[in-house]
1. If I take R0 = 35 Å and measure r between the Cβ atoms of A:Glu60 and A:Thr105 in this structure, what FRET efficiency does the formula 1/(1 + (r/R0)^6) give, to the nearest 0.05?
2. Whole number please: convex hull volume per residue of the Cα set in the protein assembly as shown, in Å³?
3. Considering only protein heavy atoms and a 1.4 Å probe, what is the carbon-and-sulfur percentage of the accessible area of the protein assembly as shown?
4. What is the sum of charges around B:Thr58, taking Lys and Arg as +1, Asp and Glu as -1, for the other residues whose C-beta is under 12 Å from the C-beta of B:Thr58?
5. If you take each beta carbon of peptide B:107-118 and count the beta carbons of other chains within 10 angstrom, what is the mean?
6. With solvent modelled as a 1.4 Å probe, how much accessible area in total do chains B and A shield from it at their shared surface, in Å² to the nearest 100?
7. What translational D, rounded to a whole number of µm²/s, comes out for the stretch B:1-57 from Stokes-Einstein when the hydrodynamic radius is the Kirkwood one over Cα pairs, at 20 °C and 1.002 mPa s?
8. Please express the Cα-Cα pair-distance distribution P(r) of the stretch B:75-129 as a list of whole percents, one per 5 Å bin, running from 0 to the bin with the greatest distance.
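The values are calculated or read from the model by the stated rules, or taken from the named source; none is laboratory data. Remember, it's a predicted structure, so these values are computed and weren't measured experimentally. Here the Cβ is made from the backbone with ideal geometry for all residues, glycine too, and neighbour counts use every protein chain on show. With ligands, DNA and RNA removed, areas are computed over all heavy atoms of the protein, side chains included. Shrake-Rupley method; radii C 1.70, N 1.55, O 1.52, S 1.80 Å.
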2 protein chains.
Amino acid sequence: MNIGDVSTRSGLPAKTIRYYEDIGLIKPQRSENGYRCFVEADLHKLAFLGRARALGFTIEDCRMLMALYEDESRASGDVKQLALEHLSKIETKIADLEAMRDTLTELVHCCAGDNRPDCPILKDLSGKV
Amino acid sequence: MNIGDVSTRSGLPAKTIRYYEDIGLIKPQRSENGYRCFVEADLHKLAFLGRARALGFTIEDCRMLMALYEDESRASGDVKQLALEHLSKIETKIADLEAMRDTLTELVHCCAGDNRPDCPILKDLSGKV
DNA sequence: GCTTGACCTTCCCCTAACTGGAGGCCCCAA
DNA sequence: TTGGGGCCTCCAGTTAGGGGAAGGTCAAGC
């Protein structure tokens, strides 16, 4: 398979696939003409990566997950720990965003949003509360 | 005031303050010795920026918010619109993160997390569901 | 056989919002 | 005068790729 086929089948942009090779996540063979030459196993890895990334794992997380995936003697506890750490980061981000959302929502509700210059949002940002 | 004082009083790192000058958000005077020389108005602006950034506004949003703040004839509607757009981006991010969290939570619950290699998390990532 | 267009290659710059560090001035106190 | 801290500029790195240029390759159509 050429990169275009793999891109279509994995749903990942060709650029991303090249990037993943660059950073050593995949190691496709090369044809005589220099084209990358992917086999099913590569496609499978890319799909794995795509799903892990969609769950918000960082590239380095993905690297570890792949290593664990390929290690037949792994302990599922290691995977779970990785996932739990990631989960906790996500929870933190959600909490941060929710705090922003709540503050903003309140400010927005206080703002008339008309043609007059008086604006509680700016007032709050300027510290004159 | 030197940058160290402003940093302390605004809570922003000196690096960040220099960066904000670099991109034109603030324009402190200079002393004879080349040091940045801040007045209260600069400090006020930096505090404004710090609060806007803490609410998740991008630098470009901040630039517009500052312009609106300094425009006595602004319409509060413009500010509100900016805030609403930002709010909607935040809601989207929260929703995305919650989807990840839910999926991850489920996977984590299914994983024994012991010394055995069998792991539903990896199984899911590999597509063998 | 030649051309054309799609596909592939590498290489380099760009993103956001800083952060870290190197190398070098400046200032104040002991 | 020396030392330590503060300040300066400039450069590079961070995430996870995206955009695009310049050029090689391949298969179809004439």
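1. Calculated transfer efficiency: 0.50.
2. Given the Cα convex hull of the protein assembly as shown, per-residue volume reads 203 Å³.
3. 51
4. Local charge sum for B:Thr58: 0.
5. The per-residue average across the peptide is 5.
6. That pair hides around 4300 Å² of surface in total.
7. In µm²/s, the coefficient is 190.
8. Each 5 Å bin holds this share of Cα pairs: 4, 17, 15, 14, 10, 8, 8, 7, 6, 5, 4, 1, 0.
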